[in-house]
Amino acid sequence: EAGQGFGAVAAAWDWAQRTGRAVPAGTPPQPGDLIVWDGTHIGIVESVDANGKVHTIEGNSSNAVTRRVHDASGGGASGDI
């Protein structure tokens, strides 16, 4: 909150919830949003198809930075930042 960054996904998600920046699951994400799964994994929303599929760029996905496609629920995402 003072520009120091976050050391864990859970800290980023906690901050987003505490400061009103968290977008709850079920709300369609927007390109540029950070998408969070269970407070343990995070990705960047690259795009969202008209049918709701969510395209992301994720680090530490099979030991690489990877583009992935999730269903309209974001693959069970907790929400977006």
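The values are calculated or read from the model by the stated rules, or taken from the named source; none is laboratory data. None of these values were measured; they are calculated from a predicted model. Using ideal geometry, Cβ is built from the backbone for each residue, glycine included, and neighbour counts are taken over all protein chains shown. Heads up: the accessible areas ignore ligands, DNA and RNA and are worked out on the full protein's heavy atoms, side chains in. Shrake-Rupley method; radii C 1.70, N 1.55, O 1.52, S 1.80 Å.
Descriptive notes on the structure:
- For residue 76: the one exception among (1) in contact with a Leu (Cβ under 8 Å, 6 or more places away or on another chain); (2) at positive phi; (3) not aliphatic (A, V, I, L, M): (1)
- The residues in the stretch 53-81 that are open to solvent by less than 20 Å² (accessible area, probe 1.4 Å) and not hydrophobic (A, V, I, L, M, F, W, C) can be counted, and the count is 6.
- So residue 36, is it touching a residue at least 40 places away in the same chain (Cβ under 8 Å) and not aromatic (Phe, Trp, Tyr): yes
- Any chance residue 44 is within 10 Å of the chain's Cα centre (by Cα), of a type in the set (A, V, I, L, M), at pLDDT 90 or above and open to solvent by less than 60 Å² (accessible area, probe 1.4 Å): no
- Residue 74 meets the conditions (1) over 10 Å from the mean Cα position of the chain (by Cα); (2) free of Cβ contacts under 8 Å to residues at least 60 places away in the same chain in every case but one. The failed one is (1).
- Qualifying positions in the stretch 12-24 - closer than 25 Å to residue 62 by Cα and either exposed (fewer than 11 other Cβ atoms within 10 Å of the Cβ) or within 10 Å of the chain's Cα centre (by Cα) (or both): 13
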